[in-house]
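Visitor: Quick one: this structure, given as structure tokens, is what I'll be asking you about.
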Amino acid sequence: MRGKKIILGLDPGTNIMGFGLIEIQNDNIKLIQYGIINLKKYQDHSEKLQMIFENVNNLIRDYNPGAISIESPFFGKNVQSMLKLGRAQGVAMVAGKINGIKISEYAPRKIKKSVTGNGNASKEQLSEIIKKTLNIKDQINKKLDASDALGAALCHYYQKSNNESPRKSWKKFIQANPDKIV
């Protein structure tokens, strides 16, 4: 990925949806914005879906990403929850598609493996690696949905750039982060 590119990462949810935006310029990664969209106050499921659509559209309008990376729903035991998550993901994908943005979908294990080097990493471990990679100073751990979204964005960058995650190669990590050596 040469030149400047913005990637919007999304962690879909019907109660809380995480988002994160990163900018890539000449293989340098810069944090733009991250956060959560709290949907708990909406009781009606279709209203939550509308809010997801509107919020993703607003993020696209405000930041003009060239790609959207979305975490695919994790299959659990509750079929109703899976159905609702699938709808949330679908609505977010449609918002990107109608704006002409390429959408890539990644499984949670793929995101964790790409960013941390371990597909079984915990959400907290993923969050800590993201904090270090993107030089985040605040407590992103309190917003794990946002760090999951940033993980999706980073995963997309690593997959599409044919770069390894700095975590997979200590030599590359040290070269890219000399200030982190103690």
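Every residue, every condition in (1) under 14 Å from the mean Cα position of the chain (by Cα); (2) under 28 Å from Glu54 (Cα atoms), yes or no:
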site: Arg87; (1), (2): no, yes
site: Gly90; (1), (2): no, yes
site: Ile98; (1), (2): no, yes
site: Lys102; (1), (2): no, yes
site: Ile111; (1), (2): yes, yes
site: Ala121; (1), (2): no, no
site: Ile129; (1), (2): yes, no
site: Lys132; (1), (2): no, no
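Visitor: Let me ask something else. Quickly run through region 39-70 and pick out the residues that are under 28 Å from Lys160 (Cβ atoms) and buried (at least 20 other Cβ atoms within 10 Å of the Cβ).
Guide: Passing the criteria: Ile52, Val56, Leu59, Pro65, Ala67, Ile68, Ser69, Ile70.
Visitor: Now a separate question. With the structure loaded, tell me whether Gly90 is free of Cβ contacts under 8 Å to residues at least 12 places away in the same chain, on the phi > 0 side of the Ramachandran plot and out of contact with any strand residue (DSSP E or B) (no Cβ under 8 Å at 6 or more places or on another chain) or whether it fails that test.
Guide: Spelling it out, it is not the case that Gly90 is free of Cβ contacts under 8 Å to residues at least 12 places away in the same chain, on the phi > 0 side of the Ramachandran plot and out of contact with any strand residue (DSSP E or B) (no Cβ under 8 Å at 6 or more places or on another chain).
Visitor: Just give me the residues in region 98-131 being open to solvent by less than 40 Å² (accessible area, probe 1.4 Å) and touching a residue at least 40 places away in the same chain (Cβ under 8 Å), in sequence order.
Guide: Answer for region 98-131, where residues must be open to solvent by less than 40 Å² (accessible area, probe 1.4 Å) and touching a residue at least 40 places away in the same chain (Cβ under 8 Å): Ile101, Ser104, Tyr106, Pro108, Ile111, Ser114, Val115, Thr116, Gly117.
Visitor: I'm trying to understand the selection: among the residues of region 71-85, which are more than 13 Å from Gly9 (Cβ to Cβ), at pLDDT 85 or above and surrounded by 14 or more Cβ atoms within 10 Å (Cβ to Cβ)?
Guide: Matches in region 71-85: Lys84, Leu85.
Visitor: Only one of Ser161, Ser165 is crowded, with 20+ Cβ neighbours inside 10 Å, at pLDDT below 80 and under 19 Å from Lys30 (Cβ atoms). Can you tell me which?
Guide: None of the others qualify; the one that does is Ser165.
Visitor: Tally up the residues in region 132-144 that are open to solvent by less than 70 Å² (accessible area, probe 1.4 Å), at pLDDT 90 or above and not hydrophobic (A, V, I, L, M, F, W, C), please.
Guide: Total meeting the criteria: 1.
The values are calculated or read from the model by the stated rules, or taken from the named source; none is laboratory data. Computed from a predicted model, the values in this text were never measured in an experiment. Methodologically, a virtual Cβ is constructed for each residue, glycine included, from the backbone with ideal geometry; neighbour enumeration extends over all protein chains shown. These area figures cover heavy atoms from the full protein model, side chains too; ligands, DNA and RNA do not enter into them. Shrake-Rupley method; radii C 1.70, N 1.55, O 1.52, S 1.80 Å.
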